[in-house]
Amino acid sequence: MPALQPYAGSVRKIVLGIDIGTTYSGVSYAILDHGVVPKIQGVTRFPGQENVAGNTKIPSILYYYPDGTVHSVGAEAAAQETELEAEEGGDLIFIQWVEYTLPVGNFYGLLYRAVAAK
C-alpha cells in the first residue's frame, strides 16, 4: 500500500469506514486537516461495551420496532436485559447475519437510524 499523502483539501472533514461482518462489525475513522497526513483510528469503545478496554468489534446484531425505529445495536442488543425484553414484549424484531439479511437499498437508511438513535 502506498504511503498516505497530506490532505490537500481546504475544509476539515471526517471519513468513516464501517466494516459490517456476519458476526462482528468494526468502525474506523480519520480526521482530514489541510496539510496533515491522515491517521486512521479504530473505534474501541461502543455502547454496552464501556468496560471492555480496546475491543474494536461489536456484535452484528440489532433489535428494532415494527415501525423501523431502532431499539438497540451491537452489545446493547446482546445484553440479557434486551433479550428478556424482546421475549416478554414480543414487538421487537431481531436481526443477525446483517451482512446477508438487509437489502442494500434499505441498509443505509437503517444504519443511519441506528447511529442517529445513539
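The values are calculated or read from the model by the stated rules, or taken from the named source; none is laboratory data. Since this is a predicted model, take the numbers as computed values, not measurements. Cβ: placed from backbone, ideal geometry, glycine included. Neighbour counts: every protein chain shown. Areas reflect the complete protein model, heavy atoms only, side chains present, ligands, DNA and RNA absent. Shrake-Rupley method; radii C 1.70, N 1.55, O 1.52, S 1.80 Å.
Descriptive notes on the structure:
- Where a residue in the range 1-12 is free of Cβ contacts under 8 Å to residues at least 24 places away in the same chain and its partner, wherever it lies, is of a type in the set (D, E, K, R) and in a loop (DSSP other than H, G, I, E, B), with Cβ under 9 Å and at least six apart: 12/33
- Some residue of the range 52-61 being open to solvent by less than 40 Å² (accessible area, probe 1.4 Å), assigned to a strand (DSSP E or B) and not acidic (Asp, Glu): yes
- Among residues of the range 13-24, those that are in contact with a Pro (Cβ under 8 Å, 6 or more places away or on another chain) and in contact (Cβ under 8 Å) with a residue 24 or more places away in the chain, counted: 2
- Listed by first and then second residue, the pairs linking a residue in the range 25-54 that is closer than 24 Å to residue 96 by Cα and modelled with pLDDT of 80 or more to a residue that is among the hydrophobic types (A, V, I, L, M, F, W, C) and surrounded by fewer than 12 Cβ atoms within 10 Å (Cβ to Cβ), with Cβ atoms under 7 Å apart and 6 or more places separating them unless they lie on different chains, are 27/16; 28/40.
- Within the range 62-84, the set of residues being in a loop (DSSP other than H, G, I, E, B) and touching a residue at least 24 places away in the same chain (Cβ under 8 Å) comprises 65, 66, 68, 69, 74, 79.
- Here residue 76 meets each of (1) farther than 30 Å from residue 5 by Cβ; (2) of a type outside the set (Gly, Ala, Ser); (3) open to solvent by 50 Å² or more (accessible area, probe 1.4 Å); (4) over 17 Å from the mean Cα position of the chain (by Cα) with one exception, condition (4).
- The listed residue being modelled with pLDDT under 85 and of a type outside the set (Ser, Thr, Tyr), out of 17, 21: 21
- Residues of the range 18-41 that turn out to be exposed (fewer than 13 other Cβ atoms within 10 Å of the Cβ) and within 25 Å of residue 73 (Cα to Cα), as a count: 5
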